[in-house]
Amino acid sequence: MFVIITQLVLLLCAWRVQTQDFITPKVDILTELAKIKNLEERLKTIEETMEQLKLENGVLKTTVQTLEDKVESLQNEKEARKVAFSASLLASGVGHEGPHVSVLSPLIYKKVFINIGNGYDSDTGIFTAPVKGVYYFRFYAHCHADIRMAVSLYKNGNVQCSVFSWKPVTNGNASNGIVLNLEKGDQIYTRLWDDSWVYDDPAGYTSFGGFLLFPL
């Protein structure tokens, strides 16, 4: 009887060992599957994060481009606000304009000292406002030898201010200045009156100039 019981115990122990050896691999497979699932979830999270980063990167690129465009626009606007010019009547030599010049023609100041913003045209004598704003203009005129001198400053064909000297015995000088509110494209120039003239030489007695005080 003892022998039989001993055999049964040995068989039971052997069965337990075999069973344990058979179950253990199943436990390892489940563990590995859990690890793989965890990795898949992490990869999915990373992919979602990557997609979000791509979207944010696109938004950032658009924002940067918008800012660059604004900076360029501000730089262009800043450059456009730099407006100033000055010129005298004759490019060289000694002489006068008038009284044969048509009163409908602007005086053309040929010797340009400065023309920031390129508002003044030395071929026509006309200043064209490059930007809307408040401008200051001043002009000088000289005459001599008993000849009348009269010049007016015009805005788009309308007289704004004038200078006048009535037949001086020797020399006559006059100047005037004005502050004007201009729209972009407005034109400013000077004209002789009928039966009058102006004199100039290398000293630059007769001149015309202006500059932007501030934009609007």
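The numbers here are math on the coordinates, done by the rules we state, and not lab data. Quantities reported herein were computed from a predicted structural model and do not represent experimental measurements. Heads up, the Cβs are rebuilt from the backbone with ideal geometry, glycines too, and the neighbour counts pull from every protein chain shown.
Any residue that is touching a residue at least 40 places away in the same chain (Cβ under 8 Å), under 22 Å from A84 (Cβ atoms) and loosely packed, with under 15 Cβ neighbours inside 10 Å - is there at least one of those in the stretch 184-207?
Yes: the stretch 184-207 contains one or more residues that are touching a residue at least 40 places away in the same chain (Cβ under 8 Å), under 22 Å from A84 (Cβ atoms) and loosely packed, with under 15 Cβ neighbours inside 10 Å.
Can you tell me which of V112, V131 is assigned to a strand (DSSP E or B), under 35 Å from the mean Cα position of the chain (by Cα) and of a type in the set (V, I, T)?
It is V112.
Kindly indicate the residue of the stretch 112-145 that is surrounded by fewer than 17 Cβ atoms within 10 Å (Cβ to Cβ) and in contact with a Leu (Cβ under 7 Å, 6 or more places away or on another chain) and also farthest from V169 (Cα to Cα) among those meeting that condition.
It comes out as K132.
Can you pull out the residues in the stretch 160-216 that are in a loop (DSSP other than H, G, I, E, B) and β-branched (V, I, T)?
Of everything in the stretch 160-216, those that are in a loop (DSSP other than H, G, I, E, B) and β-branched (V, I, T) turn out to be V169, T170, T206.
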